Structures are given as C-alpha cells and as structure tokens.
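Asks: Sharing a structure, written as structure tokens. Questions coming.
The values are calculated or read from the model by the stated rules, or taken from the named source; none is laboratory data. Fair warning: this is a prediction, and the values are worked out from it, not measured in the lab. Glycine also receives a Cβ, built like all others from the backbone with ideal geometry; neighbour counts cover every protein chain displayed. For the accessible areas, the whole protein counts, side chains as well, though only heavy atoms, and no ligand, DNA or RNA atoms are used. Shrake-Rupley method; radii C 1.70, N 1.55, O 1.52, S 1.80 Å.
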Amino acid sequence: MTITELNNQFGRADQIKFSITKGDLPIAILTNQYGSATVSLYGAQVLSYIPKGEEDLLWMSDKSLFQESKAIRGGIPICFPWFGPNPEDSKKPQHGFARLSNWSVKTTTVSSEGSVSLVLQLQDSSATKTLWPFSFTAEIIVTIDTKFELTLRCTNTDNKPFEYSDALHSYFNVSNIANITVDGLMDATYYPAGSDTGIQQQGKLLAITKEENRRYLNHSATCIIHDKVFNRKIHVGKTGSKTTVVWNPGADTTKTMSDMSPEGYKTFICVEAANAFNNIIKLSPGDSFSISTIIQSEKATNS
C-alpha cells in the first residue's frame, strides 16, 4: 500500500500517521498524551519511544542501515523464528527473517481513554518457507498507554506442530555505559555467550565494565536500568518470556561492526525479553503464544 492509502485506511487524526523514513522505508508514527513512538513496517521494528517531556528511551545507531535485506541497528528488532544463528544452518539470517521482512498493517486503534495501538502482521510465504518450512501468522502489537508495550504473537496455522525461539531485542538509550547499573537479576543464573557453565549473579546491581553477553535462564522478573546522569530509571518488564538477555558489545567488538560508530557501545544497553536456549516455544496446530516487553520511565532523584 502507498503512504496515502495507509493514511486513508489506517490513519487516526493526529494520533496515528504513516510516513517515509531513511531508505524510503514506510513508518507509522503513534502519538498521544503519554508520548510517541515510531515503528518501521520493514521488520515491524520500533525505532523510537519518547515518553512525554523526556528523551528517547530507545537507542539508534547513527550508522544504521535503512535498506531492505539489511537489519536496522537499534530500537527493538524482532528475533523470530530463531534467536542468534540458525541452529541447523549458520548461513541463514542471524536472528531469523522477521526483522528483514515487510509487514502489513492489520489494525490501528485509539481507545476512549486515549491509548493508541498498531497491529502489524506477517504470514508465511514461499520466501519464508525456504528458510523455515512452516505455515504461521505473526503479529506485532504496539501500544502506548501510561506504559509502552510491545507484543509478538505467533499462531501455528500449519497442520503439524513446530518449535521456535524469539526475542524483543531492545536497545536502551543511556548517558554512558559507565553511568548505569541494571537491577532485577540478583540470584539469577546466567550463561556467558559460548559457555555451558552457569553462573549465579551475586550482586544486586549489574555494572557494565566490559563486553557482556549474558543469557539469564528461567528469569521472568522486571529489570530496572538506573542512569544517574540522565536521572531516570527505565523499568523493563515482560510477559511470556523465560530468558533475559543483557548485551553490550564493548569497545573491541564494536570496532568490527560496520553499522555502529566505534564509540557507539557507550550509549546503549540491551535488556531483552526472549525465549531461547533451553526455553523454546512449542506450538500445536491452531495454538498461539505471545511474548511482551513493557517499558516505563521513572524520573528519580537518586538513580
């Protein structure tokens, strides 16, 4: 659909509009009394979420590629139907094909209380079946209310069961990685990337002092990102997720990434709701499953 057709069919006055961003990619812009969000229809990827009167809670690389067939570095990429490398074929796209696909608009809604929501949809096709041989319907639901909520819902439309992994790969905007700590992980067991040995986190607060890629298994609690310079706490809640991923590439890995500035790692932290590793989703024909991340900012005198 053209931008004009999208606005005619799905636009909602000043609260939901469709436009074009870099690389001529179509976007939806959601605005209400609580804040605003920008969502790319390519990848069904949230690019920005700004609570009213605040700075963006999400981070976007200044070198991110806004072009089809390439992932957008920042915001909240959708990892589906696998997280990380494909377990059977490493030549298939990292983190699946959802973030590299064009999604269609299903519905837009403005409630009587003022919340706004957008539903995007992706269905199986000949292209997806060359990568993952199943019939499915995936939906992304973006809602701005007093909190921001992002949901990925998958329905098995096949005649056989299937398994998948997923993640809402959230990049959070911070003043500097040296200024933040992450709460909510104490006593949880994590596995560093590439390790089969679990480590129990002892401290209440996680500080990022080097490259980190931690996979906290069987973890469902809310995390809080404390930023003493931005003077705020970002609450990162979730539902339908048993894995929490905390990631920052550090200086050395960042230098190998063409879509990130050498200093880019200093201004974001990823705290991700996921189902991966030993937490795999199994769906019978006709069944659905949802994973959500719920984000809220809190200004704090002592962060």
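Asks: Once Rh is set to the Kirkwood radius over Cα pairs, what Stokes-Einstein translational diffusion coefficient, in µm²/s, holds for segment 180-236 at a temperature of 25 °C and a viscosity of 0.890 mPa s?
Replies: Stokes-Einstein gives a translational diffusion coefficient of 203 µm²/s.
Asks: Continuing with this model, one more query. Would you grab the residues whose amide H sits under 5 Å from the one on Asn86? Only those 5+ places off in sequence or on another chain, please, with H modelled 1.01 Å from N.
Replies: Amide H to amide H, under 5 Å and 5 or more residues apart or across chains, Asn86 pairs with Lys92, His95.
Asks: Sort the following peptides by mean Cβ neighbour count (other Cβ atoms within 10 Å, averaged over residues), highest first: 14-24, 222-232.
Replies: My ranking of the peptides, most packed first, is 222-232, 14-24.
Asks: Given a 1.4 angstrom probe, what's the average accessible area per residue across segment 152-303, in square angstrom?
Replies: 43
Asks: Sticking with this one: Enumerate the amide H contacts of Ser175 below 5 Å, restricted to partners 5 or more residues apart or on another chain; note that Pro and chain-start residues carry no placed amide H.
Replies: Under 5 Å from the amide H of Ser175 lie the amide H atoms of Phe230, each far enough along the sequence or on another chain.
Asks: How large is log10 of I(q)/I(0) for segment 149-303 at q = 0.11, 0.19 Å⁻¹ when the intensity is taken from the Debye formula with one equal scatterer per alpha-carbon?
Replies: -0.47, -1.19
Asks: Still on this structure, please answer the following. Give the peptides 175-185, 236-246 in descending order of average Cβ contacts within 10 Å, highest first.
Replies: Ranked from most to least packed, the peptides come out as 236-246, 175-185.
Asks: Moving on. So if I average 1/r over every pair of distinct C-alpha atoms in the chain and take the inverse, what Kirkwood radius in Å does that give?
Replies: 19.6
Asks: Right, here's the next one. Quick one: putting +1 on the C-beta of Lys and Arg, -1 on the C-beta of Asp and Glu, what dipole do you get for segment 154-265 around its Cα centre, in Debye to the nearest 20?
Replies: 340
Asks: Under a Cβ-Cβ cut-off of 13 Å, what is the net charge of the residues other than Thr157 that fall near it, where Lys and Arg count +1 and Asp and Glu count -1?
Replies: Taking every Cβ under 13 Å from that of Thr157, the sum is -1.
Asks: If you don't mind, there's one more thing I want to ask. Which one of Leu283, Gly114, Val174 is farthest out on the positive end of the charge dipole of the chain, using unit charges on Cβ (Lys, Arg +1; Asp, Glu -1) and the Cα centre as origin?
Replies: Val174
Asks: Calculate the spin-label point distance for Lys91 paired with Ser290, positioning each point 7 Å from the Cα along the beta-carbon direction, and give it in nanometres.
Replies: 3.9
Asks: Right, next: Treating only the Cβ of Lys, Arg, Asp and Glu as charged (+1, +1, -1, -1), what charge dipole size does the chain show about its Cα centre? Round to the nearest 20 debye.
Replies: 160
Asks: If you place +1 on the Cβ of every Lys and Arg and -1 on the Cβ of every Asp and Glu, how big does the dipole about the Cα centre of segment 71-170 come out, in debye to the nearest 20?
Replies: That gives segment 71-170 a dipole magnitude of about 280 debye.
Asks: A follow-up question, please. Kirkwood hydrodynamic radius (Cα pairs, Å) of segment 230-303?
Replies: 15.2
Asks: Rg and Dmax in Å for segment 194-267, alpha carbons only: what are they?
Replies: Values for segment 194-267 (Cα only, Rg and Dmax): 14.1, 37 Å.
Asks: Along Cα→Cβ, 7 Å out, is where each label goes; now give me the distance between the ones at Val229 and Asn8 in nm to one decimal.
Replies: Here the modelled spin labels are 4.9 nm apart.
Asks: Post the alpha-carbon centroid distance, segment 137-169 to segment 192-209, in whole angstrom.
Replies: 28
Asks: Right, another one. Each residue of segment 134-139 in order: what ³J(HN,Hα) in whole Hz does its phi give by Karplus 6.51 cos²θ - 1.76 cosθ + 1.60, θ = phi - 60°, with x for Gly and Pro?
Replies: 9, 8, 7, 10, 10, 10
Asks: Could I ask something else about it? Once you sort the root eigenvalues of the Cα gyration tensor of segment 139-179 as a ≥ b ≥ c, which label holds: rounded (a/c under 1.5), prolate (a/b larger than b/c) or oblate (the other case)?
Replies: oblate
Asks: Looking at the P(r) of segment 1-137, how many percent of alpha-carbon pairs lie beyond 24 Å?
Replies: 34
Asks: Among Ile50, Ser36, Phe10, whose Cα sits farthest toward the positive end of the charge dipole of segment 1-67 (+1 at Cβ of Lys/Arg, -1 at Cβ of Asp/Glu, about the Cα centre)?
Replies: Phe10
Asks: Calculate, for segment 54-101, the solvent-accessible area per residue in square angstrom, rolling a 1.4 angstrom probe over the heavy atoms of the protein chains.
Replies: Accessible area per residue: 44 Å².
Asks: Now a separate question. Rounded to two decimals, what is the ratio between the C-alpha radius of gyration of segment 99-216 and 2.2 N^0.38 Å?
Replies: Dividing the Cα radius of gyration by 2.2 N^0.38 Å gives 1.41.
Asks: Which percent of the accessible area of the chain is formed by carbon and sulfur heavy atoms (probe 1.4 angstrom)?
Replies: For the chain, the apolar C and S fraction of the accessible surface comes to 48 percent.
Asks: Let me ask something additional. I'd like to know which of Val105, Ser165, Ser297 lies farthest towards the positive end of the charge dipole of the chain, counting +1 on Cβ of Lys and Arg and -1 on Cβ of Asp and Glu.
Replies: Going by the Cα projections, it comes out as Ser297.
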